[in-house]
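Here the structure is laid out as structure tokens; the discussion comes afterwards.
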Amino acid sequence: MPLCPGVTESNLFQARRGIAQGFGKRFLTVDELEAIRLADKEGLYQTLAAVQMNVSRPTFGRILEAAHKKVAEAIVCGKQLCIQGGLLHSDEGLH
């Protein structure tokens, strides 16, 4: 069962060439995955996506930026991308 809406059942993705060459791992937290889902998959503006995640717009932007960097590094450098539970961020604290 997913930890939050949009969290995938799969938690590890990797390029084929990364398997044998051991390029390392990048870890994507649940809140980073949720930010990607809201902004990139659902196409929400950051203001509305921030409301959905119960964070400020600047906080959402920082979460999304960190997620984009991790995904890009995994794709470009052939690293494993691991989605780990982590905590969901909110301006009211962590959940």
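Answer yes or no as to whether LEU87 is of a type in the set (A, V, I, L, M, F, W, C) and modelled with pLDDT under 95. Give the steps one after another, and end with the answer.
Values: of a type in the set (A, V, I, L, M, F, W, C): yes; modelled with pLDDT under 95: yes.
Yes: the conditions hold for LEU87.
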Picked from segment 34-88 (must be open to solvent by 40 Å² or more (accessible area, probe 1.4 Å) and in a strand (DSSP E or B)), the residue farthest from GLN14 (Cα to Cα) is GLN84
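The values are calculated or read from the model by the stated rules, or taken from the named source; none is laboratory data. From a predicted model like this one, the values you see are computed outputs, not experimental measurements. Please note that ligands, DNA and RNA were not included when accessible areas were found on the heavy atoms of the full protein model with its side chains. Shrake-Rupley method; radii C 1.70, N 1.55, O 1.52, S 1.80 Å.
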